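The values are calculated or read from the model by the stated rules, or taken from the named source; none is laboratory data. Just so we're clear, the structure is a prediction, and the values are computed from it rather than from any experiment. Backbone-built Cβ (ideal geometry, glycine too); neighbour counts: all protein chains shown.
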Amino acid sequence: MIVLLAVSLICYIIFRSSGDPAISMAGQYATFQEIEEVRRVFGLDKPFYIQYVRFITNALKGNFGNSFVNKVPALPLILERLPATVELAMSAIVIAFVLGVGLGVLVSLKPYALRNRFIMAGSLVNISMPTFLTGILLIMVFGVYLKILPPFGRGETVTIGFWRTGFLTLSGVTHLILPAFTLGMYQLAVLLRLTRAGMREVLTEDYIKTAWSKGLSPLKVIFKHALRNALIPVVTMTGLQFGELIAFSFVTELIFQWPGSGNLLLTSIYEQDQPVIVTYIMLAALVILSINILVDILYAILNPKIRYD
Amino acid sequence: MKKVLFLILTIIFLGSVPALTGQAVAASSIVVAVDSPPRMMNPHGSDADANLSIMANFFDGLMQRKGSEGTLAPALALRYEHPDLLTWTFYLRKGVKFHNGNPFNAEDVKFSFERLSDPKVSEFINTGKTIASIEIIDDYTVSIKTKHPIPWFANNMHQIYMMDKESTESRTVGEVQQVPIGTGAYKFVEWVKGSYVKMVANEEYWEGAPPIKNVELRPIKEASTRYAALVSGQAELVSGVPVELYDKLVKNPKLQVINKPARRSIFLALGNKPESPWNDIRVRKAMYMAINEDEIIEKIMRGHASPAAQIPDPPTIGYNEGIKRLPYNPEMSKKLLKEAGCENGFEITLTGPNDRYVQDEKIAEAVVKYLAKVGIKAKLDVKPKAIFFPEVFQGKLDFYLIGWFDGTFDMGRTYFKLIHTRDKEKGFGSLNGAHFSNPDLDIVLEATASMVDQEARKKVLQYINKLATAENIACIPLHYQQDIYAIQKGKGIKFQPRPDRWVVFKEISK
């Protein structure tokens, strides 16, 4: 709660000191008096602390204010776009986790094999390459030259209740591949390196040697005994990254014209739509906080030695 | 577990590949990609051209602008009269229906104009507040009185869209923002924010049903993605092609690239603040002559611009053929600076947006370098338009890059904004951010407000233009932009760009 309050206060201060939304809301031919009137109507003429207190009291009631641009409540506006972002982030994290951990285990078994050195070098390139470059390269290769994957957008979607999903149509899934890879690429490399480091440490432990000498099958040794113990930092990282992927997917969303909430955030920043920006940041803070709590719970399941009293 | 996931992913990956490529589009439909997303479906809620352009398909104004010349033509009004300086009488078209079946009549016109002055739903409050009264004479005749004479009132009527009184009042503000109900050539189907807007032809359109039946409008903000959409065949018409990609597109045999000289001119606003070095006209002249505009057009705009000697473009009332650009001449510039006692230069900050005009940031960078060559220490300060424009309004700047064109084709309204002395009482000069002031010019300009005779207006506005641009150098004009579009060849798309950069689908055929 305190974290959220602090976040909201910082946002508010930043946006109040940069630019004046009333000017753009009054239209390009507005006179000075007309701009003043707009400011009055939207309560932007009130002192800063009154605006802030009003925002907080309304927010506690679940009302985050109306968007200056769309004139509809900001929260539903973001929630409407959230499914696209969550699906993108989920796909990205699944790709990152599966490939990252898989390749990490593979590499840790024979760290000096040529193939594995290639994988490690590739992961280094991945970590250092900015997302927008990865995205544009993928679009150019798969969308423009090979023409096997659509370069932008979300494809056809199916609406289930309030949730608009792209998982259920072929076009939706194919549209997801490039952006999900782009978004997950960095995370993949991080998880790979983390898994490899953890596995290499665990594999030298005595109990693993015992397991081998007992004649257990390699699968059992690697996955049940070694990986499970190496996985704890990896899971932490994945959890933290998932929150970040949801909150900060906007670069990928921009490049692929993905209709998610990150894209909305960018548009809102350009248009100085403060209620939407503040609500978005609060929401992002909330998501990251709750994922942190979830990760702590997962910890306990993975490693029964950890107990929260 | 891991293997299973792997397997599933592989299957999805392989299974989807063949189905992806050719998405055939039916003959009477079109996919259009534009560079900025619609902000809302409320036709009065945004005066940005990007939004007005989309709304032009769902709604009609009393008048419209047609084709590549942008000529004013009747739309929902058959004709208008202007019996005295303050009165405008519009005779409405009969038998027009809104998309929900409601008939269009004088009540709707009154309602729409009254709605303009409500800041909660309108960005046209300036237009709304200039109206004194709206009188319904009969079902198809409306008489509008303005508070003071507005010679360009009818010229602006293509931007003021008519809404249905009944359905706008009965729905919530939020619903009206999402689902448009107009009289336009296309009916709204679906808007998935950030993805697309789908619309279908209005078969009962008063001008006859439009040739293309289904339109999918896709906003793509990122330039390279727009390029990918075009090259991969996912969009058939793209507006806002970036100049950097122009050469690549021209070489592509599947595409046709269309250039259209744009109405917007780019200029550097320069005030004459007392006590500043540039209060001296010789210094302003020197700055003008220090800038190599031909090189800007060639290197930065890659040839996609034409030099401008003034703010208005040729079809605008007030354009003066007699005004010529001062030649690029750094030697002369240095001489003038010396005469003015500024041979050691001075400091000035050039501000500009970095996300508004074609290559805006690069142009500003170049200008700073040209000024440095004659000894003027110009500092560069570029920022997003959302921060830049308020600073112009607040009059914080000395020297800035900005672009302009007047939607009414009459410079009267624009000059009150851009070069009239800043005057909060009268509401003039709100975009004269560099504090240019010339009392003589103000007097002549205020006199044009009640001047309706087009010939006389033209002469006076041309005079004002000359006074401001040539004699006083209130700004340094740079160039007129070009709009660049690209279409897929071989699909028989007939498209003629408009001067205002709107994409009006009823004007496209296939």
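Remarks
- Of the residues contained in segment A:207-216, none is found to be touching a residue at least 24 places away in the same chain (Cβ under 8 Å) and away from chain B (no Cβ under 12 Å).
- Meets criteria (part of a helix (DSSP H, G or I), hydrophobic (A, V, I, L, M, F, W, C) and surrounded by fewer than 21 Cβ atoms within 10 Å (Cβ to Cβ)) for B:ILE387: yes
- Here A:PHE142 clears all of (1) outside any helix (DSSP H, G or I); (2) surrounded by 14 or more Cβ atoms within 10 Å (Cβ to Cβ) except the condition numbered (1).
- Residue among A:VAL278, A:VAL251 that alone is modelled with pLDDT of 85 or more, away from chain B (no Cβ under 14 Å), more than 24 Å from B:VAL197 (Cβ to Cβ) and out of contact with any His (no Cβ under 8 Å at 6 or more places or on another chain): A:VAL278
For every residue, the table says whether it meets (1) buried (at least 19 other Cβ atoms within 10 Å of the Cβ); (2) out of contact with any strand residue (DSSP E or B) (no Cβ under 6 Å at 6 or more places or on another chain); (3) under 19 Å from A:SER128 (Cα atoms).
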{"site": "A:LEU183", "(1), (2), (3)": "yes, yes, yes"}
{"site": "A:GLN187", "(1), (2), (3)": "yes, yes, yes"}
{"site": "A:LEU191", "(1), (2), (3)": "yes, yes, yes"}
{"site": "A:THR195", "(1), (2), (3)": "yes, yes, yes"}
{"site": "A:GLU201", "(1), (2), (3)": "no, yes, no"}
{"site": "A:ASP206", "(1), (2), (3)": "no, yes, no"}
{"site": "A:LYS214", "(1), (2), (3)": "no, yes, no"}
{"site": "A:VAL221", "(1), (2), (3)": "yes, yes, no"}
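- Some residue of segment B:436-444 being at pLDDT below 90 and either outside any helix (DSSP H, G or I) or within 30 Å of B:ASN252 (Cα to Cα) (or both): no
- Against the conditions (1) over 28 Å from A:SER290 (Cβ atoms); (2) within 12 Å of chain B (Cβ to nearest Cβ); (3) not in a helix (DSSP H, G or I), A:PRO259 satisfies every one except (1).
- Count - residues of segment B:200-221 that are away from every other protein chain (no Cβ under 14 Å), more than 18 Å from B:ILE493 (Cα to Cα) and of a type in the set (A, V, I, L, M, F, W, C): 1
- Among residues of segment A:131-149 that are at the interface with chain B (Cβ under 9 Å from one of its Cβ atoms) and closer than 17 Å to A:ALA180 by Cβ, those with a beta-carbon under 7 Å from a residue that is surrounded by 15 or more Cβ atoms within 10 Å (Cβ to Cβ) and of a type in the set (S, T, N, Q) at least six positions away or on a different chain give the pairs A:GLY135/A:THR182; A:GLY135/A:THR252; A:ILE136/B:SER224; A:ILE139/B:THR225; A:GLY143/B:SER232; A:LEU149/A:THR174.
One line per residue, one yes/no per condition, for (1) touching a residue at least 40 places away in the same chain (Cβ under 8 Å); (2) more than 14 Å from chain A (Cβ to nearest Cβ); (3) under 23 Å from the mean Cα position of the chain (by Cα); (4) more than 26 Å from B:LYS94 (Cα to Cα):
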| position | (1), (2), (3), (4) |
| --- | --- |
| B:ILE137 | yes, yes, no, no |
| B:PHE153 | yes, no, yes, no |
| B:PRO180 | yes, no, yes, no |
| B:ALA223 | yes, no, yes, yes |
| B:ARG226 | yes, no, yes, yes |
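- The residue pairs whose first member lies in segment A:69-90 and is at the interface with another protein chain (Cβ under 9 Å from one of its Cβ atoms), whose second member is crowded, with 22+ Cβ neighbours inside 10 Å and among the β-branched types (Val, Ile, Thr), and whose beta carbons are closer than 7 Å, counting only pairs six or more residues apart or on different chains, are A:LEU77/A:VAL276.
- Residues of segment B:345-384 that are away from chain A (no Cβ under 14 Å) and part of a loop (DSSP other than H, G, I, E, B): B:GLY345, B:PHE346, B:TYR357, B:VAL358, B:GLN359, B:VAL374, B:GLY375, B:ILE376.
- Looking across segment B:265-280 at every residue that is surrounded by fewer than 23 Cβ atoms within 10 Å (Cβ to Cβ) and under 22 Å from the mean Cα position of the chain (by Cα), the one that is nearest to B:PHE399 (Cα to Cα) is identified as B:LEU268.
- Any hit, segment B:243-266, residues being more than 9 Å from every other protein chain (Cβ to nearest Cβ), among the β-branched types (Val, Ile, Thr) and part of a loop (DSSP other than H, G, I, E, B): no
- Qualifying residue in segment A:158-165 (condition: within 9 Å of chain B (Cβ to nearest Cβ) and in contact with a Leu (Cβ under 8 Å, 6 or more places away or on another chain)): no
- Subset of segment B:61-85 [of a type in the set (A, V, I, L, M, F, W, C) and either buried (at least 18 other Cβ atoms within 10 Å of the Cβ) or free of Cβ contacts under 8 Å to residues at least 40 places away in the same chain (or both)]: B:LEU62, B:MET63, B:ALA73, B:ALA75, B:LEU76, B:ALA77, B:LEU78
- Taking segment A:1-120 as the region of interest, the helices (runs of 4 or more DSSP H) fully inside it that hold 3 or more residues being under 26 Å from the mean Cα position of the chain (by Cα) are A:2-17, A:48-60, A:74-109.
- Filtered residues of segment B:140-156 (kept if part of a loop (DSSP other than H, G, I, E, B) and modelled with pLDDT of 95 or more): B:TYR140
- Conditions (1) under 27 Å from B:THR316 (Cβ atoms); (2) in a helix (DSSP H, G or I); (3) not acidic (Asp, Glu); number of the one not met by B:PHE111: (1)
- Cross-chain or 6+ apart pairs with Cβ under 6 Å, segment A:92-119 first and within 12 Å of another protein chain (Cβ to nearest Cβ), then surrounded by fewer than 20 Cβ atoms within 10 Å (Cβ to Cβ) and in a helix (DSSP H, G or I): A:VAL98/B:LEU5; A:GLY102/B:LYS2; A:LEU103/A:ILE119
- Selection of segment B:327-344 for residues being part of a loop (DSSP other than H, G, I, E, B) and crowded, with 20+ Cβ neighbours inside 10 Å yields only B:CYS342.
- Any hit, segment A:193-206, residues being within 14 Å of chain B (Cβ to nearest Cβ), assigned to a helix (DSSP H, G or I) and either modelled with pLDDT of 85 or more or closer than 23 Å to A:PRO83 by Cα (or both): yes
- Check on A:PHE242, closer than 16 Å to A:PHE132 by Cβ and either at pLDDT below 85 or not small (Gly, Ala, Ser) (or both): no
- Within segment B:34-51, tally of residues that are more than 9 Å from chain A (Cβ to nearest Cβ), of a type in the set (A, V, I, L, M, F, W, C) and within 12 Å of the chain's Cα centre (by Cα): 1
- Checking each residue in segment B:389-438 for being out of contact with any Lys or Arg (no Cβ under 8 Å at 6 or more places or on another chain), among the hydrophobic types (A, V, I, L, M, F, W, C) and more than 10 Å from every other protein chain (Cβ to nearest Cβ) picks out B:LEU397, B:PHE399, B:LEU401, B:ILE402, B:PHE409, B:MET411, B:LEU418, B:ILE419, B:PHE436.
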